[in-house]
Amino acid sequence: METLTTLAALVERVRAWRAEGLTIGFVPTMGFLHAGHASLMALARPRCDRLVVSIFVNPLQFGPNEDLSRYPRDLAGDERLCASEGVDLVFAPTDFYPPGRATTVSVAGLTEGLCGAARPGHFDGVTTVVARLFGVVQPQLAVFGEKDFQQLAVIRRMTTDLGLPVEIIGGPLIRDPDGLAMSSRNTYLSPAERGRALSLSAGLRAVVAAAASGERDVAALRAAGLSALDVDRLDYFEIVDPDHLRPLTTLDRPARALVAGWIGRTRLIDNMAVPWI
Ligand code: AMP
């Protein structure tokens, strides 16, 4: 495994691989990697000849008062995890955008609710960096986690709309044994906060349990979830159509419950499939 930090070196390596006819798989990340990221690498590994992981804390997707400056970093630890997952190349640029960058990639509709409403401009930052990463890495396939369920839908839309020749694969959300969705941001949590953070997955499980016992009224399902939450501020708790991400009023199809809330200074997200039987 090698780590490259410049665009020129990456472009040269990708050109050589493509000249040999090798297929490239790609997992974009912001680093401080955990088992959730590793699961995406494990999904990609058997599907490609060369596996690239990018580690770049993308300033474009952070709002002015968000945690860009304190986002956790550990390149040496990330390299160990990548090596153990059979990654060929870690691309860890310090600087990724060209001088004078004047292009923003923006997906309408899907980005308006949920995290898009709570974090204005966030998804433009995500789609702009992912489009540019796709341009330089030239992968045939890329894996994204369902942890960021809305992001996955937005990336699929962008890839289709721009006609990018990249197969998008979604990987399941990986949790700690106690149910907490794995996240690089969990490192911000004190032990007491971590205990309260469990209420996010508890709220989602309450929705799933109520649906399993036959509740079809989404207001009632939502109330069941909300009653389990112990957050300092709630950004949203919604039960939506999993394709269009539009809130439902009746559970008349398989749905997705999504939550975003603050525990102290830490914003956490989680989601779960709500089966419809
Ligand atoms: P991040 O480093 O947080 O930008 O995440 C990089 C990729 O890893 C995204 O596609 C995330 O959805 C995915 N990811 C992060 N946490 C998890 C998790 N707990 N389970 C599965 N995928 C995850």
**OP:** Take peptides 252-262, 214-224 and line them up by average Cβ neighbours within 10 Å, highest first, as a rough protection proxy.
**Re:** 252-262, 214-224
Original post:
How long are the three semi-axes of the equivalent ellipsoid of the range 2-171, in whole Å, if each is the root of 5 times an eigenvalue of the C-alpha gyration tensor, listed from largest down?
Top reply: 24, 18, 17
Subject >> the range 184-269 - percent relative contact order, Cα under 8 Å, separation 6 or more >> reply: 32 percent
Subject >> Candidates GLU79, GLU20, GLU167: whichever shows maximal mean-square fluctuation once the chain is modelled as a Gaussian network with Cα springs under 10 Å >> reply: GLU20
Original post:
ASP74 versus THR94, label points 7 Å from Cα toward the beta carbon: distance in nm?
Top reply: 2.3 nm
Original post:
Pairing the Cα long axis of helix 75-84 with the longest principal axis of the chain, what angle in degrees results, from 0 to 90 and rounded to the nearest 10?
Top reply: 90 degrees
Subject >> Nearest-ten-degree value, helix 191-212 long axis tilted from longest Cα axis of the chain >> reply: 70 degrees
Original post:
Can you give the angle from 0 to 90° between the axis of helix 35-44 and the longest principal axis of the chain, with both taken from C-alpha atoms, to the nearest 10?
Top reply: 60 degrees
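Computed from the coordinates by the stated procedures, all read-outs in this text should not be read as laboratory data. None of these values were measured; they are calculated from a predicted model. We place every Cβ from the backbone using ideal geometry, glycine too, and count neighbours over all the protein chains shown.
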